[in-house]
Amino acid sequence: MILDGRALAKDILAQTKARAAALARAPRIVAIVTSETPATKSYLSIKEKRAEDAGCVLEVVRLREDVSTAALRDAVLAAHADAVIVQLPLPENVAAAEVCDAIPLSKDADVLSAAARAVFENSEQALLPPVVGAVGKILEFGSVKVAGKRSVVIGEGFLVGAPVALWLKRQGATVEVVTKESGDLSAALAAADIVVSGAGTPHLITPAMLKDGVVLIDAGTSESGGAIVGDADPACAAQCSLLTPVPGGVGPVAVACLFENAVALASLGTEAEKTTNV
């Protein structure tokens with residue numbers, strides 16, 4: 001089965017919008033942008049559309065690409081919103097970790113700050129990073145049981161590999177993380193029941209590397225020949241019981257999960273406001 005990520009995202013957004021409608025006001029999200037590449041502009045356009053679908057109000061704050069770390073931190077701290085999004089990547093002259101760590105825990109829908117990541121790492125009740133949430137919802141949609149399965153995570157990056165590996169272990173999977181520097185990718189994939197890839201290497205995974213019936217979640221995106229492609233060769237579909245395509249797979253679901261997180265934070269903020277006003 002090739003997953004229709006846009007259809008799954010539509011369902012998540014509809015449920016999120018219903019929760020947002022129950023709040024006293026529409027959740028407000030501020031997205032702070034510095035480097036506006038064609039890809040970033042496209043991504044922001046999608047977020048603006050999905051915000052409306054989720055019953056949220058999204059404001060985009062654009063700063064110069066030569067902005068200083070201090071000025072960017074100040075913009076994060078000054079944002080009057082239920083959730084604050086820092087659009088990555090940031091310019092090379094900016095200390096990205098310092099900026100992300102400025103996002104208040106109560107507003108970190110992307111789970112980018114050290115504080116939010118620490119809560120995620122130490123509590124199963126914490127907000128999930130959007131890509132992790134997307135992986136979970138995709139597996140749930142496909143009725144994939146994770147416990148006891150041999151899982152391979154390709155890459156150990158901050159946004160995909162590291163948090164996904166932790167989450168899979170929590171679900172009871174046996175997890176092997178393979179990177180360019182460590183591990184035998186071919187051997188790992190040959191035995192894997194579940195594969196989550198965030199390498200960002202075009203068509204890294206080929207059908208011959210996979211066993212029949214594998215679940216392959218492709219969270220890697222890159223450009224090849226002017227087109228956006230994933231880590232998996234599309235021909236891998238023949239080997240998979242479930243495959244997420246690129247584009248149209250993990251991406252739309254992760255964006256929906258981002259807004260689901262934002263509404264959850266807004267709900268907590270609304271309850272805090274009620275308590276304060278009593």
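Could you go through the range 27-39 and let me know if any residue there is in a loop (DSSP other than H, G, I, E, B) and small (Gly, Ala, Ser). Yes, the conditions are met somewhere in the range 27-39. For the range 228-239, a residue qualifies if it is more than 18 Å from VAL131 (Cβ to Cβ) and assigned to a loop (DSSP other than H, G, I, E, B), and exactly one does: ASP233.
Residue check: VAL76 meets all listed conditions (1) closer than 20 Å to LEU268 by Cα; (2) at pLDDT below 95 but one, namely (2).
For LYS41, the conditions (1) under 30 Å from LEU168 (Cα atoms); (2) basic (Lys, Arg); (3) surrounded by fewer than 17 Cβ atoms within 10 Å (Cβ to Cβ) are fulfilled apart from (1).
Condition check ((1) in contact with a Leu (Cβ under 6 Å, 6 or more places away or on another chain); (2) over 13 Å from ALA219 (Cα atoms); (3) among the hydroxyl-bearing types (Ser, Thr, Tyr)) across all residues:
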{"position": "SER143", "(1), (2), (3)": "no, yes, yes"}
{"position": "ALA162", "(1), (2), (3)": "no, no, no"}
{"position": "TRP167", "(1), (2), (3)": "no, yes, no"}
{"position": "VAL175", "(1), (2), (3)": "yes, yes, no"}
{"position": "ASP184", "(1), (2), (3)": "no, yes, no"}
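For the range 213-237, the set of residues classified as small (Gly, Ala, Ser) and either surrounded by fewer than 23 Cβ atoms within 10 Å (Cβ to Cβ) or without any contact (Cβ under 8 Å) to a residue 24 or more places away in the chain (or both) consists of GLY213, SER222, SER224, GLY225, GLY226, ALA227, ALA235, ALA237, listed by residue number.
Here are LYS169, LYS211: which of them is more than 24 Å from GLN125 (Cβ to Cβ), of a type outside the set (A, V, I, L, M, F, W, C) and not assigned by TED's automatic domain parsing to the domain that holds CYS56?
Details: LYS169 fails: more than 24 Å from GLN125 (Cβ to Cβ).
That would be LYS211, the only listed residue that is more than 24 Å from GLN125 (Cβ to Cβ), of a type outside the set (A, V, I, L, M, F, W, C) and not assigned by TED's automatic domain parsing to the domain that holds CYS56.
A single entry from ASP74, ASP108 fulfils the requirement of being without any contact (Cβ under 8 Å) to a residue 12 or more places away in the chain, of a type outside the set (A, V, I, L, M, F, W, C) and farther than 27 Å from LYS211 by Cβ: ASP74. For GLY148, the conditions (1) free of Cβ contacts under 8 Å to residues at least 60 places away in the same chain; (2) within 27 Å of THR40 (Cα to Cα); (3) of a type outside the set (A, V, I, L, M) are fulfilled apart from (2). Residues of the range 164-204 that are within 23 Å of GLY136 (Cα to Cα) and touching a helix residue (DSSP H, G or I) at 6+ places or on another chain (Cβ under 6 Å): VAL164, TRP167, VAL175, GLU176, VAL177, VAL178, LEU189, VAL196, GLY198. A residue that is free of Cβ contacts under 8 Å to residues at least 60 places away in the same chain, assigned to a strand (DSSP E or B) and over 17 Å from the mean Cα position of the chain (by Cα) occurs nowhere in the range 8-25. Going through (1) in contact with a strand residue (DSSP E or B) (Cβ under 7 Å, 6 or more places away or on another chain); (2) closer than 18 Å to ASP193 by Cα one by one, GLN171 falls short only on (1).
Yes/no matrix, rows are residues, columns are (1) assigned to a helix (DSSP H, G or I); (2) surrounded by 14 or more Cβ atoms within 10 Å (Cβ to Cβ):
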| site | (1), (2) |
| --- | --- |
| PRO89 | no, no |
| CYS100 | yes, yes |
| VAL111 | no, yes |
| ALA116 | yes, yes |
| VAL131 | yes, yes |
| GLU140 | yes, no |
| SER143 | no, no |
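The values are calculated or read from the model by the stated rules, or taken from the named source; none is laboratory data. Not measured: the values here are computed from a predicted model. Reconstructed Cβ throughout: ideal geometry from the backbone, glycine too, with neighbour counts over all protein chains shown.
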